[in-house]
1. Go through (1) touching a helix residue (DSSP H, G or I) at 6+ places or on another chain (Cβ under 6 Å); (2) of a type in the set (V, I, T); (3) part of a helix (DSSP H, G or I) for V70 and report which single condition fails.
2. Among the residues of the stretch 18-32, is any closer than 14 Å to L4 by Cβ, out of contact with any strand residue (DSSP E or B) (no Cβ under 6 Å at 6 or more places or on another chain) and either of a type outside the set (A, V, I, L, M, F, W, C) or surrounded by 14 or more Cβ atoms within 10 Å (Cβ to Cβ) (or both)?
3. Looking only at the stretch 35-77, which residues are under 14 Å from V5 (Cα atoms), touching a residue at least 40 places away in the same chain (Cβ under 8 Å) and of a type outside the set (S, T, Y)?
4. So, in the stretch 33-60, of the ones that are more than 18 Å from S71 (Cβ to Cβ) and touching a helix residue (DSSP H, G or I) at 6+ places or on another chain (Cβ under 6 Å), which residue ends up surrounded by the fewest Cβ atoms within 10 Å (Cβ to Cβ)?
5. Based on this model, can you work out whether L72 counts as under 13 Å from V21 (Cα atoms), of a type outside the set (V, I, T) and in contact with a Lys or Arg (Cβ under 7 Å, 6 or more places away or on another chain)?
6. Which ones in the stretch 1-34 are touching a residue at least 12 places away in the same chain (Cβ under 8 Å), farther than 15 Å from V51 by Cβ and part of a helix (DSSP H, G or I)?
Amino acid sequence: MKELVEFIANQLVEDKSQVVVKEIDEGGRIVVELQVSKEDMGRVIGKGGRVANSIRVLLRVAAAREGKKVSLDIIEP
């Protein structure tokens, strides 16, 4: 899951060095935390949160294939 979020985030942002992805296992659920630079937050969240929601949908589909549950948290810098 971490690699998928990293790949998508790196395609969206300008400052790739500021992309930080952490994967936290909370029992039966995986939490993926994404942190980007302040200037790139708008690119990752998108208008009305559309980009962030699309990333979440892709994560859920990938996790469902493995029989897991996953959520994405976007952390402000």
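Values quoted throughout were computed directly from the atomic coordinates according to the rules given, and no laboratory measurement underlies them. The model shown is predicted, which means the values in this text are computed figures rather than measured ones. Here the Cβ positions follow ideal geometry from the backbone for every residue, glycine too, while neighbour counts run over all protein chains shown.
1. All conditions are met except number (3).
2. yes
3. Listed by number, the residues that qualify are Q35, V36, I55, L58, L59, A62, A63, V70, L72, D73, I74, I75.
4. R43
5. Yes: the conditions hold for L72.
6. K2, E6, Q18
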